[in-house]
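*Asks:* Structure incoming, see below.
The values are calculated or read from the model by the stated rules, or taken from the named source; none is laboratory data. Computed from a predicted model, the values in this text were never measured in an experiment. Note that each Cβ is placed from the backbone with ideal geometry, even for glycine, and that neighbours are counted across all protein chains shown. Calculation scope for accessible area: heavy atoms of the full protein, side chains included, ligands and nucleic acids excluded. Shrake-Rupley method; radii C 1.70, N 1.55, O 1.52, S 1.80 Å.
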Amino acid sequence: MMRRNQWLAAPLGAATAAALLSGCGSTGSPTADGGGKGVVMGISDRVRSTDPASGYDAGSWLLFNNVFQSLLAFPKGGGTTPEPDAAQSCNFEGGDSKLYKCVLRTGLKFSNGHPLTSKDVKYSFERTLKINDDNGPAVMLASIAGIDTPDDKTVVFRLKTSDATFPSKIASGAGSIVDHSEYPADKLRTDNKAVGSGVYKLDSFNDKSAAFSVNENYSGKAKAKNTGVTLKFFNGDQAGLKKVLEGGDVDFAFRGLAAKDIAALSSTKTGDHKVEVVQGTGAEVEHLVFNMNDPVAGKLPIRKAIAYLVDREAIVKEVYDGTTTALYSIVPAGIASHNTAFFDRYGGTPQPKKAEAVLRAAGIKDKVKITLYSTTTRNGPSTDQQFQLIAKQLNESGLFEADVKSVEYTQYQKDIQDGKYGVYVKGWVPDYPDADSFTQPFFGPDNVVHNNYDNKEISGTIIPSTSAKSDRTAANTDYNRLQDLVADDIPLLPLWQSKQYAVTRQNVTGLQWSLDASTVFRFWEISKG
């Protein structure tokens with residue numbers, strides 16, 4: 001799942017953003033809440049596509065979830081159960097989570113004035129699947145066997161297998177609905193334009209900026225609290241983003257400020273500075289991954305010793321300046337079914353005596369020589385710093401002789417797929433706020449971390465079971481068992497989960513509604529005094 005799944009490894013302000021507009025009910029003009037003023041937002045991410053059949057990255061989804069509607073959306077305030085958006089109702093029919101029916105709300109229109117009907121919904125999903133772009137979200141829709149449209153307002157999805165997370169998938173950017181008359185069926189749109197039915201319409205887009213204005217044809221519950229949003233792209237230039245924020249050229253920054261800058265600004269008293277920090281929860285995670293076929297990392301006693309020695313709290317403090325939180329399971333805090341399996345087994349502080357005991361019991365008496373592989377090309381300089389600290393923690397125990405090698409990202413990815421590394425780093429941004437997005441992609445012979453781990457109970461029993469439960473609370477027992485098994489086998493070691501930050505001029509409000517564990521940033525909640 002996830003921006004296939006957009007591997008990241010530096011929180012730097014946020015991973016995934018907030019919720020979408022909530023449920024069905026009364027509709028209204030998007031400017032009914034007073035209109036407000038236009039706002040300018042600085043962001044370090046690139047928007048790689050304006051076409052929902054291609055973009056599968058944080059920047060593109062930020063655009064999609066403001067310009068396009070999906071059938072469902074996540075409620076305001078961090079809720080993780082999708083509610084109707086373009087649909088007035090959506091439900092599984094039958095007891096096997098294989099038939100999903102949605103009825104559209106009345107009066108939906110695209111920004112060009114064309115009516116939005118079930119034909120457009122069917123066309124949008126089938127188009128994404130047909131194009132199957134390498135950089136697109138078709139992988140999220142692979143469970144669709146067919147789509148029926150018995151009338152202009154009704155859409156019925158027939159699924160190949162039970163998929164209780166299907167509502168969450170179509171509530172994401174992968175569920176963006178396009179106008180069938182504006183988008184070719186078998187190729188991507190490449191003119192940097194977009195036609196959707198969301199709260200905003202895209203007025204212009206280039207490498208440096210994008211401009212959005214309120215869509216007067218929008219029909220839904222959201223009330224835009226501004227007249228429009230301008231995005232300015234900084235493409236990883238942390239110093240440049242900080243400079244324009246402090247100088248007033250942007251009203252707020254989301255994603256991309258250095259952890260040290262966020263920490264410094266967070267400690268500044270309100271009124272002493274021109275900017276302030278808004279903090280929320282995040283669901284981006286980072287793991288230390290072990291290649292189970294490696295002659296060193298493939299040995300369970302060595303992985304257990306590492307689990308006893310890694311000091312997450314020191315990583316959070318010394319490398320990330322408190323802008324992350326120590327993580328003790330593969331499902332992060334804030335996501336239903338989270339537990340603390342690694343804390344329960346290996347503790348929250350280094351335990352060198354237990355590490356030594358597990359190695360000696362396995363007949364390992366010499367120092368364990370091991371290399372930790374990192375990459376900063378995409379993950380940022382903090383990744384190397386983090387691995388150097390972990391190597392230091394291992395070496396100070398007297399049990400390891402660890403070093404760190406940093407590799408350019410393209411080579412790094414290739415080497416991982418070729419099984420050349422024993423220990424390496426992977427970051428993860430979920431597609432939707434469900435434990436499935438943190439588990440299903442990681443287990444089985446074709447898992448996204450390429451670590452050769454396949455626990456048959458997880459891949460053959462637990463995941464199929466959780467996938468069939470449309471009542472997600474009913475999956476908690478299975479997910480707890482899964483997390484416990486992972487903590488026993490240690491195919492990866494959770495390190496941290498992100499906090500989210502927006503750094504803003506003091507006359508900007510509403511950002512708190514876009515800083516939770518969901519996957520969309522809400523332009524419409526932002527206002528400027």
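*Asks:* Could you say whether any residue in segment 158-179 is touching a strand residue (DSSP E or B) at 6+ places or on another chain (Cβ under 7 Å) and part of a loop (DSSP other than H, G, I, E, B)?
*Replies:* Within segment 158-179 (the criterion being touching a strand residue (DSSP E or B) at 6+ places or on another chain (Cβ under 7 Å) and part of a loop (DSSP other than H, G, I, E, B)), the answer is yes, since at least one residue qualifies.
*Asks:* Determine, yes or no, whether residue 340 is loosely packed, with under 14 Cβ neighbours inside 10 Å, more than 19 Å from residue 298 (Cβ to Cβ) and of a type outside the set (Asp, Glu).
*Replies:* Taking the combined requirement at face value, the residue does not satisfy it.
*Asks:* Those residues that are open to solvent by 10 Å² or more (accessible area, probe 1.4 Å) and either more than 17 Å from residue 430 (Cα to Cα) or among the aromatic types (Phe, Trp, Tyr) (or both), I need them from segment 55-67; list them, please.
*Replies:* 56
*Asks:* So how many residues does segment 82-128 have that are more than 29 Å from the chain's Cα centre (by Cα) and either open to solvent by less than 10 Å² (accessible area, probe 1.4 Å) or of a type in the set (Ser, Thr, Tyr) (or both)?
*Replies:* Adding up the residues that qualify gives 2.
*Asks:* Scanning for something among the hydrophobic types (A, V, I, L, M, F, W, C), in contact with a helix residue (DSSP H, G or I) (Cβ under 8 Å, 6 or more places away or on another chain), modelled with pLDDT of 95 or more and part of a loop (DSSP other than H, G, I, E, B), does segment 498-521 turn up at least one residue?
*Replies:* Taking every residue of segment 498-521 in turn, none turns out to be among the hydrophobic types (A, V, I, L, M, F, W, C), in contact with a helix residue (DSSP H, G or I) (Cβ under 8 Å, 6 or more places away or on another chain), modelled with pLDDT of 95 or more and part of a loop (DSSP other than H, G, I, E, B).
*Asks:* Of the residues 335, 306, 370, 302, which single one is part of a loop (DSSP other than H, G, I, E, B), in contact with a helix residue (DSSP H, G or I) (Cβ under 8 Å, 6 or more places away or on another chain) and open to solvent by less than 40 Å² (accessible area, probe 1.4 Å)?
*Replies:* Unique residue meeting the criteria: 335.
*Asks:* Please find, within segment 498-523, the residue that is most open to solvent (accessible area, probe 1.4 Å) out of those that are of a type in the set (S, T, N, Q) and under 21 Å from the mean Cα position of the chain (by Cα).
*Replies:* 512
*Asks:* Scan segment 465-497 residue by residue and report those that are open to solvent by less than 30 Å² (accessible area, probe 1.4 Å) and either more than 18 Å from residue 310 (Cβ to Cβ) or part of a helix (DSSP H, G or I) (or both).
*Replies:* Result: 466, 467, 475, 479, 482, 483, 485, 486, 487.
*Asks:* Name the single residue, out of those in segment 398-446 being of a type in the set (Gly, Ala, Ser) and buried (at least 20 other Cβ atoms within 10 Å of the Cβ), that is nearest to residue 327 (Cα to Cα).
*Replies:* 427
*Asks:* Can you run down the residue pairs with Cβ atoms below 6 Å, 6 or more apart or on separate chains, where the first is in segment 78-95 and touching a residue at least 60 places away in the same chain (Cβ under 8 Å) and within 15 Å of residue 165 (Cβ to Cβ) and the partner is of a type outside the set (Phe, Trp, Tyr) and open to solvent by 30 Å² or more (accessible area, probe 1.4 Å)?
*Replies:* 92/470
*Asks:* Can you spot a residue in segment 445-464 that is assigned to a loop (DSSP other than H, G, I, E, B), of a type in the set (Val, Ile, Thr) and either in contact with a Ser or Thr (Cβ under 9 Å, 6 or more places away or on another chain) or within 23 Å of residue 94 (Cα to Cα) (or both)?
*Replies:* The answer is no, given that none of the residues of segment 445-464 is assigned to a loop (DSSP other than H, G, I, E, B), of a type in the set (Val, Ile, Thr) and either in contact with a Ser or Thr (Cβ under 9 Å, 6 or more places away or on another chain) or within 23 Å of residue 94 (Cα to Cα) (or both).
*Asks:* Checking residue 454 against (1) surrounded by fewer than 24 Cβ atoms within 10 Å (Cβ to Cβ); (2) acidic (Asp, Glu); (3) closer than 28 Å to residue 323 by Cα, which single condition isn't satisfied?
*Replies:* Looking at each condition in turn, residue 454 falls short on (3).
*Asks:* Suppose the filter is farther than 26 Å from residue 499 by Cα, open to solvent by less than 10 Å² (accessible area, probe 1.4 Å) and modelled with pLDDT of 95 or more; does residue 390 pass it?
*Replies:* no
*Asks:* Against the conditions (1) without any contact (Cβ under 8 Å) to a residue 60 or more places away in the chain; (2) open to solvent by 40 Å² or more (accessible area, probe 1.4 Å); (3) touching a Ser or Thr at 6+ places or on another chain (Cβ under 8 Å), where does residue 213 fall short? Just the number, please.
*Replies:* (2) is the only condition that residue 213 fails.
*Asks:* State whether one or more residues within segment 390-400 are within 27 Å of residue 173 (Cβ to Cβ), out of contact with any helix residue (DSSP H, G or I) (no Cβ under 7 Å at 6 or more places or on another chain) and not in a loop (DSSP other than H, G, I, E, B).
*Replies:* No, segment 390-400 has no match at all.
*Asks:* Farther than 22 Å from residue 448 by Cβ and crowded, with 22+ Cβ neighbours inside 10 Å: is that true of residue 320 in this structure?
*Replies:* When the stated conditions are applied, residue 320 passes them.
*Asks:* Among the residues of segment 175-195, how many are at pLDDT below 95 and among the aliphatic types (A, V, I, L, M)?
*Replies:* Of the residues in that region, 0 qualify.
*Asks:* Could you say whether any residue in segment 363-379 is within 25 Å of residue 238 (Cα to Cα) and of a type in the set (Gly, Ala, Ser)?
*Replies:* yes
*Asks:* Taking the options 106, 81, 128, name whichever one is assigned to a helix (DSSP H, G or I) and among the polar types (S, T, N, Q).
*Replies:* The match here is 128.
*Asks:* Which pairs turn up if I take residues in segment 281-301 that are more than 16 Å from residue 330 (Cβ to Cβ) and look for partners that are of a type in the set (A, V, I, L, M) and part of a loop (DSSP other than H, G, I, E, B) with beta carbon separation below 6 Å, at least 6 apart in sequence or on another chain?
*Replies:* 281/517; 291/297; 298/292; 301/362
*Asks:* Look at segment 129-140 and say how many of its residues are closer than 15 Å to residue 71 by Cβ and surrounded by fewer than 21 Cβ atoms within 10 Å (Cβ to Cβ).
*Replies:* Of the residues in that region, 0 qualify.
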